[in-house]
Amino acid sequence: MVTITSKQLDLGTDKDSTYDRIAELKAFDETKIGVKGILESGVTKIPRMFYSAKVEDHTETSAKLSLPIIDLQDIDTNSSLRAEAVDKIRSASKEWGFFQLVNHGIGVEVLDEMICGVRRFHEQDGEVRKEFYSRDNNKRVRYFSNGTLFQDPAANWKDTISFFMTPDPPSPEEIPAVCRDIVIEYSEKVRALGFTIFELMSEALGLRSSYLKELEPADGQFLLGQYYPPCPEPELTMGTSKHTDTSFLTILLQDQMGGLQVLHENQWVDVHPVHGSLVVNIGDFLQLITNDLFASVYHRVLSRHTGPRISVATFFVNKSPHGGSKVIGPIKELLSKDNPPMYRDTTVRDVYARYFEKGLDGTSSLTPFRL
Ligand SMILES: O=C(O)CCC(=O)C(=O)O
């Protein structure tokens, strides 16, 4: 790996600098055609707003480790296979916070078409993409680049189309025609899979099967269709900066390009694409309510010379208007003298407020709520 220091890069901390970062961010945002638009303009050097502090991260990458793979084949008809899957989910959720699911019931043709649909959207003419561009978080369907662009220490080399599918779905006409049918089909299937995973996780925690899926704070489903264009200087920036997910649970579909890494035992571990599989990870809210029995771990996406890379992240989050103020804390049934609460009670809204305030700065949204 190329090692460059922040002094060599001048990350904008230099007092003599005349660099106006905010002006650069605004000008970029006003183009409304994202990172893909920058690339299409023929640049061979990336703009400075993308320079990342990754250059200061000397954490090793392990080629030896790989994510646990969990097979859901026949778990509804064979109780010993179900018990085996539950055990594996318990240990993967604790030790890794991540696992890959195979035989999860969503056909590979649906997964492939979802990737193609996201690609079709991002590869339309800039003038068409522009119509969907917005920074309004309340919009159910929108296109943007870097969700917390003005908070993040460095912009990421990627663009996104997002869909809030539940509890208040967009009308079909709100979804771009190039991906409409597959977004509707995929989001229904992945929602059903999410409920199955919540059941298995409830069992893994020793709770009744329906416990997690009945929780109001996890009733929202939010999809991000990410497009990582090829990058002319990948050693200087990130596809997605190091972060944990401020969700309950995330189900990730990735194409075959690779680039996603998970922090495990202080090493970055590549999440090798397995065609037909889905990557599952624990979000901050699940870490909080399980009192650290399940771990929401850091992950990131490297930028590359080759691309595009496409992924679709489905977040199970809270989006109901009243749920935001609902108090959440460690599940009482999981607490004991030996397992005292690690977090104070808070609200979903307060945890999100922390997330939006800090941006992708490499810290967890949970830090202020830890006892
Ligand atoms: O694109 C990916 O593989 C992961 C994206 C991600 O971590 C996120 O959107 O939170």
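The values are calculated or read from the model by the stated rules, or taken from the named source; none is laboratory data. Since we're looking at a predicted model, the values are computed, not measured. Cβ: placed from backbone, ideal geometry, glycine included. Neighbour counts: every protein chain shown.
Applying the criterion of being in a loop (DSSP other than H, G, I, E, B), modelled with pLDDT of 95 or more and not acidic (Asp, Glu) to the residues of the stretch 109-138, the residue that is farthest from Glu30 (Cα to Cα) is Gln124. Among the residues making up the stretch 32-78, a single one is in contact with a Lys or Arg (Cβ under 7 Å, 6 or more places away or on another chain) and surrounded by fewer than 18 Cβ atoms within 10 Å (Cβ to Cβ): Pro68.
With respect to the conditions (1) over 19 Å from the mean Cα position of the chain (by Cα); (2) surrounded by 20 or more Cβ atoms within 10 Å (Cβ to Cβ); (3) under 17 Å from Val351 (Cβ atoms), Ala204 falls short on a single one, namely (3).
Among the conditions (1) hydroxyl-bearing (Ser, Thr, Tyr); (2) within 14 Å of the ligand (Cβ to nearest atom); (3) under 19 Å from Arg304 (Cα atoms), Thr237 misses just one, which is (2).
Among residues of the stretch 318-353 being touching a residue at least 40 places away in the same chain (Cβ under 8 Å) and part of a helix (DSSP H, G or I), the one that is farthest from the chain's Cα centre (by Cα) is Glu333.
Of the residues in the stretch 301-312, at least one is surrounded by fewer than 16 Cβ atoms within 10 Å (Cβ to Cβ) and not hydrophobic (A, V, I, L, M, F, W, C). Need a quick list: strands (runs of 3 or more DSSP E) entirely within the stretch 212-287 having at least 3 residues that are buried (at least 19 other Cβ atoms within 10 Å of the Cβ) and touching a residue at least 12 places away in the same chain (Cβ under 8 Å). Ranges flagged: 220-228, 238-243, 249-254, 260-264, 278-282.
For the residues Val141, Val128, Val190, Val178, the requirement of being within 21 Å of the chain's Cα centre (by Cα), more than 16 Å from the ligand (Cβ to nearest atom) and not polar (S, T, N, Q) singles out Val141.
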